[in-house]
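The values are calculated or read from the model by the stated rules, or taken from the named source; none is laboratory data. None of the values given here were measured: they were computed from a predicted structure. Methodologically, a virtual Cβ is constructed for each residue, glycine included, from the backbone with ideal geometry; neighbour enumeration extends over all protein chains shown.
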């Protein structure tokens, strides 16, 4: 029927503006929060590098910082998907504890490394699936559901571990530890830990998913207007459940790398990490109201948090002040997001 | 062959009879104004046709085929498209993303399939051009005027070969200038052979673009007349009950 419509004659300008965007690529780049966080990160690194070249700007410090923020960065990646739908996942820290114990028990029982990885991912996936089903299909609030799961998963981790540290890893232990503790050489003097490599690869994959997959588009649509998504036939419930599974898997993967790096599994792993993961995602530009997600933002947000901590330490400031600075950056990031939002309306 | 035929449609919510024995026939290329006071049953009737509610009784036929919708998606598959009152748009996505929401164009082979942004933008641009709307496919809906947003919502209905377009108060929340723009969009749809049901409170809109007017009162159809043989005064009387039946 559309072919019967008369083609426009008076509005010949329409075709010529088809490819025009009100926001050019440059404008969009400049309005992206992750860009400004990157700038802040570079400034801090340059200042610290000039001021403390002997301790900050060393390959060893680079290796340590990048590995440390990779665990949080990987969790934050999963968190961006949840936040993009307008939800929140408070259970990721406890999911790490449960995953650590699950991996530890599997290795202590003598199973190979890949079995431990599979069991760990399954533990995180199941926690996420339970969250997702309760939130999407039963309809409880994400905050309360994942707060409950924060308590449940940690408690299960303590019970399963018998409240002891698991470190007598069997034959699978060596490869498992390499996953978290290994590194590749970049250039003559720098090393990138495997967790950093995994973080970069996962960030690239998730960025492509947000930009080019139907699923990524639906995640953003749900965060933008859930009712509209539902009316246009987006499988809202399924996608909402899936984002919590993604978050659970991300937390589990971070835990696997963390256990591998430290060489032992404790049930307290990841306690209060949920706050760091949420902070990293938000500093990187995720909007808690939903509808915005940036995989790169999660990476750079996590990096900023750890570089600030490291810089304060190197500057000789009492480590108890770290939380204050991280908190100030978080609040500034939200304020920046609000200002940007106001400009766009 | 009528685009839509309703026979004895009823919808009861417990003791409340929202619709009682409503008959309606709509031809292709015909624009029908559906009017009535608040609570007269307009929204319920639209929701029954759009698949949000199953009717308690009666029969719905689309091009002579009996249909039973339990979900809006099923209605859409049979060619029933709805423009919702609040437009059901995602402000954070582009115009073209909104047009294709839920039925994106993808490329590649399963399981690696990715969105074809260029094809969607091109098709959305063509649809906006057909509607003579100066809406740019890649702009975010957040930045758009009420008229442009309406064009996005209407363009969505033209993605598939829709047999019937339901428009729920499309001019309720926009400026006077944009109302004219939207009415023009509706005329174009009708002239292209589309069957349209326009639900509206605004008498001038209905008289400007519709061929026929149906008035509901307390869940019953009290009038079904060609627009040429009635007047705003008569329709007002029918809506309020001052005139009993016409």
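So that you can scan it fast, the table gives a plain yes or no per residue for (1) assigned to a loop (DSSP other than H, G, I, E, B); (2) closer than 29 Å to residue A:62 by Cβ; (3) modelled with pLDDT under 95:
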residue	(1), (2), (3)
A:185	no, yes, yes
A:197	no, yes, no
A:219	no, no, no
A:222	no, no, no
A:227	no, no, yes
A:234	yes, no, yes
A:237	no, no, no
A:254	no, yes, no
A:257	no, yes, no
Is there a residue in the stretch A:61-69 that is in contact with a helix residue (DSSP H, G or I) (Cβ under 9 Å, 6 or more places away or on another chain), farther than 17 Å from residue A:294 by Cβ and in a loop (DSSP other than H, G, I, E, B)? no
Give just the number: which of (1) more than 24 Å from residue A:138 (Cα to Cα); (2) surrounded by fewer than 24 Cβ atoms within 10 Å (Cβ to Cβ); (3) touching a residue at least 40 places away in the same chain (Cβ under 8 Å); (4) over 17 Å from the mean Cα position of the chain (by Cα) does residue A:226 not satisfy? (1)
Return yes or no: is residue A:233 away from chain B (no Cβ under 14 Å) and farther than 23 Å from residue A:126 by Cβ? no
So which residues in the stretch A:289-342 are crowded, with 18+ Cβ neighbours inside 10 Å, within 14 Å of another protein chain (Cβ to nearest Cβ) and free of Cβ contacts under 8 Å to residues at least 40 places away in the same chain? none
Scanning the stretch B:44-70 residue by residue, the ones that are closer than 18 Å to residue A:230 by Cα, surrounded by 20 or more Cβ atoms within 10 Å (Cβ to Cβ) and touching a residue at least 24 places away in the same chain (Cβ under 8 Å) total 5
I'd like the full set of residues that are surrounded by 13 or more Cβ atoms within 10 Å (Cβ to Cβ) and either under 27 Å from residue A:61 (Cα atoms) or within 25 Å of the chain's Cα centre (by Cα) (or both), limited to the stretch A:159-183. A:167, A:173, A:175, A:176, A:177, A:178, A:179, A:180, A:181, A:182, A:183
Filter result (within 7 Å of chain A (Cβ to nearest Cβ) and in contact with a strand residue (DSSP E or B) (Cβ under 9 Å, 6 or more places away or on another chain)) within the stretch B:102-120: B:104, B:106, B:114, B:115
Would you check which residues across the stretch B:160-180 are facing chain A (nearest Cβ under 9 Å) and more than 12 Å from the chain's Cα centre (by Cα) and list them? B:161
Take residue A:162 and decide whether it is away from chain B (no Cβ under 14 Å), within 22 Å of residue A:95 (Cβ to Cβ) and modelled with pLDDT under 95. yes
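Here's the yes/no breakdown for (1) modelled with pLDDT of 90 or more; (2) more than 10 Å from chain A (Cβ to nearest Cβ); (3) in a loop (DSSP other than H, G, I, E, B):
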residue: B:17; (1), (2), (3): no, yes, no
residue: B:25; (1), (2), (3): yes, yes, no
residue: B:35; (1), (2), (3): yes, yes, no
residue: B:39; (1), (2), (3): no, yes, yes
residue: B:43; (1), (2), (3): no, yes, no
residue: B:76; (1), (2), (3): no, no, no
residue: B:88; (1), (2), (3): no, no, yes
residue: B:92; (1), (2), (3): yes, no, yes
residue: B:97; (1), (2), (3): yes, no, no
When you go through A:260, A:270 one by one, which is the residue that is away from chain B (no Cβ under 14 Å) and within 20 Å of residue A:301 (Cα to Cα)? A:270
Among the numbered criteria (1) surrounded by 19 or more Cβ atoms within 10 Å (Cβ to Cβ); (2) touching a residue at least 40 places away in the same chain (Cβ under 8 Å), which single criterion is violated by residue B:97? (2)
